[in-house]
1. Taking every pair of distinct Cα atoms and averaging 1/r, then inverting, what Kirkwood hydrodynamic radius in Å comes out for the range 10-134?
2. Provide the per residue accessible area, probe 1.4 Å, for the range 81-178, rounded to a whole number of square angstrom.
3. So how tilted is helix 165-174 from the main axis of the chain? Cα-based, degrees 0 to 90, rounded to 10.
4. Report the per residue volume, in Å³, of the convex hull enclosing the C-alpha atoms of the range 65-158.
5. So what is the relative contact order of the range 56-140, in percent, for Cα pairs below 8 Å that sit 6 or more residues apart?
6. Please report, as a whole percent, how much of the solvent-accessible surface of the chain comes from carbon and sulfur atoms (probe radius 1.4 Å).
Amino acid sequence: MDPITLAIVDENEIFRRGLVACVEGDPAIRIAYAASESGAGTPVALVIASAAVAAAQALGVPLLVCTDAPLPDAVRSVNTVMGVLPRAALKPAQLLAGVRAVASGLQVNLLEAPATSLSERHVEVLRLLAQGVATRQISDRLGYSERTIKHAVAELLDELGAHSRAEAVALGIRHGLI
């Protein structure tokens, strides 16, 4: 499978470097460029950008916006916003899962996350699913039987109202669980 090619465009150099540090070690992701302005003409699958950059430019590819405020309508009118992540409280796992979800065509919005209560085991299983870990490896890592993990996944799907593992991961991201 080809890596997800993305660009990181943010006017804050420290935040931009933090985003780069979070995603650069993931073999499923390739950073085409990271800058304060769009690298027009560079082919990417998606762009991670601040709300200010997204409002100022039509980026032409799916967009994952990092902001702590509600997204202005102007951003959505000039861009295809597929995800909104919290800027101040963003966790590396949320960023990676958000990138994967958006690259798969799912929408992500952690700013509108309703509360849900999952057990610690369910949250850990959900986090491993978000990393793409198979049922057998999850059972090995957590010390449960494969049957127990399959049951936990079924319970996760039911509790989150998801129809698939991918949808459960997307909902987990939206709910801030991963």
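1. One over the average 1/r among Cα pairs gives 15.2 Å for the range 10-134.
2. Numbers: 4910 Å² over 98 residues.
That works out to 50 Å² per residue.
3. With both axes taken from Cα atoms, the answer is about 60 degrees.
4. Dividing the Cα hull volume of the range 65-158 by its residues yields 112 Å³.
5. 25 percent
6. That fraction is 51 percent.
The values are calculated or read from the model by the stated rules, or taken from the named source; none is laboratory data. This one's a predicted model, so the numbers in the text were calculated from it and none came from an experiment. Heavy atoms of the whole protein, side chains included, go into the accessibility calculation; ligands, DNA and RNA do not. Shrake-Rupley method; radii C 1.70, N 1.55, O 1.52, S 1.80 Å.
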